[in-house]
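Take a look at the structure set out below.
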Amino acid sequence: MDTQEMVPLERRLLKHQIDILAGNMTGIAVGTALLALGTAIMLVQEGVPKAQVLGWLLGLLTFLALRAAIFQWFRRYNITFDNAHRWSVAAVISSAMAGAAWGALGLLFFDPQDPLRLAILAIVLSAMMASATNSLGAYWPANLAFSVLCTSAFTINCVMSDSPNIRLLGVLGVLYLAFTTSYARSIARTIRETLLLRFENQALVGSLQEAKERAEAANFSKTRFLAAASHDLRQPIHVMNLCLPVLRRLAPDASPAGATMATVTERIQASLDSMGKLLHLLLDVSRLDAGALEPRLEPCSVGQVLQAIADQVQSQADTKRLDLRVVDRDHWVLCDAVMLHSIVANLVHNAVRYTDRGGVLLGTRQRGNRIWIEVWDTGRGVPAEEVPKLCEEFFQASNALRQHSSTRGFGLGLAIVQRMVQLCGGELQIRSALGRGSRFSIGLPASEASEQATTAATGKTPSRPRKLLIVDNDAHILAAIQDLMRSWGHQVIVAKDLDEALSKAVRHAEEIELALVDFHLGDQATGLDAALMLRRLLKRDLPLVLLTGDTSSEVSQLAQQASVRLVYKPVKPATLQGIIEDCT
């Protein structure tokens, strides 16, 4: 909390009021000296004895010098909340002394027989009171002390005079005193209200800043938690994904028990897919919030991405009797290959999921220097008022809420799509008509074709058995992946730490074709350290795959720098199978 907010309000107000007075001191001193000199000259010209006038002038200038010295002392030690009250007393006393010095004019030089002299005194004293209204208006007690003593002698002499006109002048002096002090009080009240408003604004800004910092801290904590916990959250899903294919193989196909087992495993697999999808989405959001997703822009073939995704959803489209078509014009865009695949896959899966009859069309068109990737469907569409909300996190359209829970989305996909598109320098457009369908368009910078095409990994039937080295410090994962690899006909060498991995690598140096290494191997070393040591030990460019649940940008950058393929858990068996085929 700000230190000023802990100080009582009246002390804060008083400190700022005295600050304003102190800021006016230079102008007061200069103006007072000039007016005093001019007054002395006029009085001498009116025949007032010079000694008397010089005595008054000398006394006033001495007081001004003393006041200036006090002001310089103030400038050295400054005003604080603790000493503001003492300074306010000093301000009242010095103002009273200044008023008494000017009031001495009405005591020393009052002559009811000299109308011109009376006019000079009235004008000078009125001018001083008017100037005090502004210069001392910030602190009304100081102004009051000055004004009363400044006019008292002159007003009293006027009221006690035998001349009716002079008595009237005294009455006018009293009224003028009342008017100026009342006006000065209004100025002081206005300044006070202005200061209060400033304090309220400062408090409001401070509260908003604290609220903003708390919100940012909460968001950062959430992001840190999801990023740090991602590995532990992915591990159990990863193990179950690896065990299910083995479980299916153990069930006899023809028996009732086998049919039941197949049904159960399918349901478990569906649940795991849903859990894994939600986990991936949540962690993607956390990585986007943390700024951990940095696109690697490169030329990408849109046609290859569209065809690969169409192949993935073809069976789902066939089941729903949908016409799935791809119009490939051989366009290339500048984008992150992984993000592009994720963006388009999300849109196409949504189109197939929410289309009950008709079809889905995937295509591209060029407008200026942008390539627009478009996904059309003849699905349910979205009400016009809900279209602007589609990219909000956890928002689901009213039509989607009627979707069966097993296939309904989570309300995160389009939010992630929009943020990824923006990261890649693109634009997302959505058009939809209720009951007629939707069109999702992604505009990305056009690019020249590259010799290397980006293709999606797909599950393949093992073309031949391989000899694999598996390194993981989790016994459950090690057993599950060993059983899965053996069920595919591969020979497996397992190791639970770096030392065991290096020892077995030496014994099977010529036989190992691929190493699958977990990134987190405990306190001894990271999986990346182990993978690079294996390469140096075997003295060849051994294909390496680093498995991890850690989605931080640091891990991704380290793997990229070491030319090691990075795969995030949980890994589907078909994906793992495709990786083994591609790497060997």
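The values are calculated or read from the model by the stated rules, or taken from the named source; none is laboratory data. Please read all numbers here as calculations on a predicted model, not as lab measurements. Glycine also receives a Cβ, built like all others from the backbone with ideal geometry; neighbour counts cover every protein chain displayed. For the accessible areas, the whole protein counts, side chains as well, though only heavy atoms, and no ligand, DNA or RNA atoms are used. Shrake-Rupley method; radii C 1.70, N 1.55, O 1.52, S 1.80 Å.
Numbers below:
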| read-out | value |
| --- | --- |
| Count of residues meeting criterion [under 25 Å from GLN113 (Cβ atoms) and open to solvent by less than 80 Å² (accessible area, probe 1.4 Å)] in the stretch 36-71 | 16 |
| Identity of the residue in the stretch 161-181, of a type in the set (Val, Ile, Thr) and open to solvent by 40 Å² or more (accessible area, probe 1.4 Å), that ends up farthest from SER126 (Cα to Cα) | VAL171 |
| Check on LEU484, touching a residue at least 12 places away in the same chain (Cβ under 8 Å) and open to solvent by 40 Å² or more (accessible area, probe 1.4 Å) | no |
| The listed residue being modelled with pLDDT of 80 or more, aliphatic (A, V, I, L, M) and outside any loop (DSSP other than H, G, I, E, B), out of VAL387, VAL382, VAL375 | VAL375 |
| Subset of the stretch 427-436 [crowded, with 18+ Cβ neighbours inside 10 Å and at pLDDT below 90] | SER432 |
| Any hit, the stretch 297-312, residues being β-branched (Val, Ile, Thr) and farther than 21 Å from GLN429 by Cβ | no |
| Matching residues, the stretch 414-430, being assigned to a strand (DSSP E or B) and under 16 Å from ALA351 (Cα atoms) | LEU428, GLN429, ILE430 |
| Hits in the stretch 498-512 - residues which are open to solvent by 40 Å² or more (accessible area, probe 1.4 Å) and either in contact (Cβ under 8 Å) with a residue 40 or more places away in the chain or within 19 Å of LEU547 (Cα to Cα) (or both) | ASP499, GLU500, HIS508, GLU511 |
| Matching option when the condition is among the β-branched types (Val, Ile, Thr), open to solvent by 20 Å² or more (accessible area, probe 1.4 Å) and in a helix (DSSP H, G or I), among VAL205, VAL124 | VAL205 |
| Those residues of the stretch 532-575 which are without any contact (Cβ under 8 Å) to a residue 40 or more places away in the chain, open to solvent by less than 30 Å² (accessible area, probe 1.4 Å) and either within 28 Å of PRO295 (Cβ to Cβ) or basic (Lys, Arg) (or both), in sequence order | LEU544, VAL545, LEU546, VAL555, ALA559, ALA562, VAL564, VAL567 |
| Qualifying residue in the stretch 138-160 (condition: loosely packed, with under 11 Cβ neighbours inside 10 Å and closer than 20 Å to GLU10 by Cβ) | no |
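This table checks each residue for (1) touching a residue at least 12 places away in the same chain (Cβ under 8 Å); (2) at negative phi; (3) open to solvent by 60 Å² or more (accessible area, probe 1.4 Å).
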| position | (1), (2), (3) |
| --- | --- |
| VAL305 | yes, yes, no |
| ALA308 | yes, yes, no |
| ARG321 | yes, no, yes |
| ARG325 | yes, yes, yes |
| ASP336 | yes, yes, no |
| ASN350 | yes, yes, no |
| TYR354 | yes, yes, no |
| GLY358 | yes, no, no |
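For (1) of a type in the set (Val, Ile, Thr); (2) touching a residue at least 24 places away in the same chain (Cβ under 8 Å), each residue gets a yes or a no:
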residue: VAL124; (1), (2): yes, yes
residue: MET129; (1), (2): no, yes
residue: LEU136; (1), (2): no, yes
residue: LEU144; (1), (2): no, yes
residue: MET160; (1), (2): no, no
residue: SER163; (1), (2): no, yes
residue: ILE166; (1), (2): yes, yes
residue: VAL174; (1), (2): yes, no
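One line per residue, one yes/no per condition, for (1) within 23 Å of PRO570 (Cα to Cα); (2) hydrophobic (A, V, I, L, M, F, W, C); (3) touching a Ser or Thr at 6+ places or on another chain (Cβ under 9 Å):
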residue: LEU502; (1), (2), (3): no, yes, no
residue: ALA505; (1), (2), (3): no, yes, no
residue: ILE512; (1), (2), (3): no, yes, no
residue: LEU521; (1), (2), (3): yes, yes, no
residue: THR526; (1), (2), (3): yes, no, no
residue: ASP529; (1), (2), (3): yes, no, no
residue: MET533; (1), (2), (3): no, yes, no
residue: LEU537; (1), (2), (3): no, yes, no
